[in-house]
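One structure below.
The values are calculated or read from the model by the stated rules, or taken from the named source; none is laboratory data. These numbers come from a predicted model, not from an experiment. Cβ placement follows ideal geometry from the backbone for every residue including glycine, while neighbour counts extend to all protein chains displayed.
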């Protein structure tokens, strides 16, 4: 299938690279469907059609609902859309299934160099998607809450975080200062991953043997830390039923919590929108605290991919290039809170003073590590489900930390065996 479509994509890549493309609009009149997480800028379809003459049926779903839709369609051999969301965590599985068009020969070397997180979507030399969202983890804080509680210094260590949260709670600023998802959802998994790194560890060794089952391991300490926050009343007990998006949107952005342990930098823009937030002018990002005080983070980039089942692959590639171009990426941050993947766009936005907590984000971006240095395994989705299910059970008091760690290790073993 790939051999049949590559010549077509190569021809459109040359057309798109030509300066005359916008004027000639060789694909004008075609229509494509695009599936992305909600919300999206409502001007996307009209602006792309104006630039290329290609009409877009833009479909959006909540992030958690996209992967099931993709898998259902692709297993059936049908196309979920001509261009779709492609998360870093799906790369191994989707490559093994042969579901997406390799784009490495269609994307120029300058773009690959400018989008450093492209490597998260490379498998055996194949680029399955072009990253558009430079998601990594920082800590988000309500600076007004800190000031009102008399906390002058921003946390650098995890002990600092706990001390600040205790003071904020004791002063009656908020009831539950720390936002931390503990439901059986992906945000719970990624928060634990970040804390595992914060305690100085990794999830697996180079051979994918678990590194989190011993009581002195970083992953074990990370879950103990989460449960301590919950037991002390620094985290709302309702977190066992909340996604990370709900904690961001209904708690942190409404001033109900003061600290987002696993903060998303792209949300800073919406925090400054009075229509969406009650904390405008109060929030900011700080470098992710760790046990040692030396910050660490990891990336969760999102990309655009083209399913092999799409019948409009030329026009789909045109959309991928337009959406991941520097000018649209800059606009997408301001209008939609999506942090650019292009280093050039990130730098220009910071120089123009349009990047909230820009110096912090640029500094944190330089520390971003891959969660799996060996490459995201095909069994990641099953592993992540095992992680957040076990953590949710532990948070509800149904498992001990030791039992949860053993359950996660078992989930990893089972996932690898499939």
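The table for this structure:
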read-out: Matching option when the condition is surrounded by fewer than 20 Cβ atoms within 10 Å (Cβ to Cβ), assigned by TED's automatic domain parsing to the domain that holds residue 161, in contact with a helix residue (DSSP H, G or I) (Cβ under 6 Å, 6 or more places away or on another chain) and under 23 Å from residue 365 (Cβ atoms), among 187, 179, 200; value: 200
read-out: Residue list for region 345-372, filter: within 25 Å of residue 111 (Cβ to Cβ), touching a residue at least 60 places away in the same chain (Cβ under 8 Å) and assigned to a loop (DSSP other than H, G, I, E, B); value: 367, 370, 371, 372
read-out: Counted residues, region 332-356 - those being surrounded by fewer than 18 Cβ atoms within 10 Å (Cβ to Cβ) and either more than 21 Å from the chain's Cα centre (by Cα) or over 29 Å from residue 95 (Cβ atoms) (or both); value: 9
read-out: Elements of type helices (runs of 4 or more DSSP H) contained in region 176-279, each with 3 or more residues being at pLDDT 95 or above and on the phi < 0 side of the Ramachandran plot; value: 186-198, 218-231
read-out: Tally of residues being within 23 Å of the chain's Cα centre (by Cα) and either over 22 Å from residue 340 (Cβ atoms) or outside the structural domain of residue 99 (by TED's automatic domain parsing) (or both) across region 304-324; value: 1
read-out: Residue within region 47-54 that is outside any helix (DSSP H, G or I), out of contact with any strand residue (DSSP E or B) (no Cβ under 6 Å at 6 or more places or on another chain) and farther than 28 Å from residue 27 by Cα present; value: no
read-out: Candidates 234, 242, 268, filtered to the one that is more than 23 Å from the chain's Cα centre (by Cα) and buried (at least 20 other Cβ atoms within 10 Å of the Cβ); value: 234
read-out: Odd one out for residue 151, checked against (1) outside any strand (DSSP E or B); (2) at pLDDT 90 or above; (3) touching a strand residue (DSSP E or B) at 6+ places or on another chain (Cβ under 8 Å); (4) buried (at least 19 other Cβ atoms within 10 Å of the Cβ); value: (3)
read-out: Single unsatisfied condition, residue 375 versus (1) surrounded by fewer than 23 Cβ atoms within 10 Å (Cβ to Cβ); (2) part of a helix (DSSP H, G or I); (3) under 18 Å from the mean Cα position of the chain (by Cα); value: (2)
read-out: So residue 381, is it assigned to a helix (DSSP H, G or I), closer than 20 Å to residue 121 by Cα and either modelled with pLDDT under 95 or out of contact with any helix residue (DSSP H, G or I) (no Cβ under 6 Å at 6 or more places or on another chain) (or both); value: yes
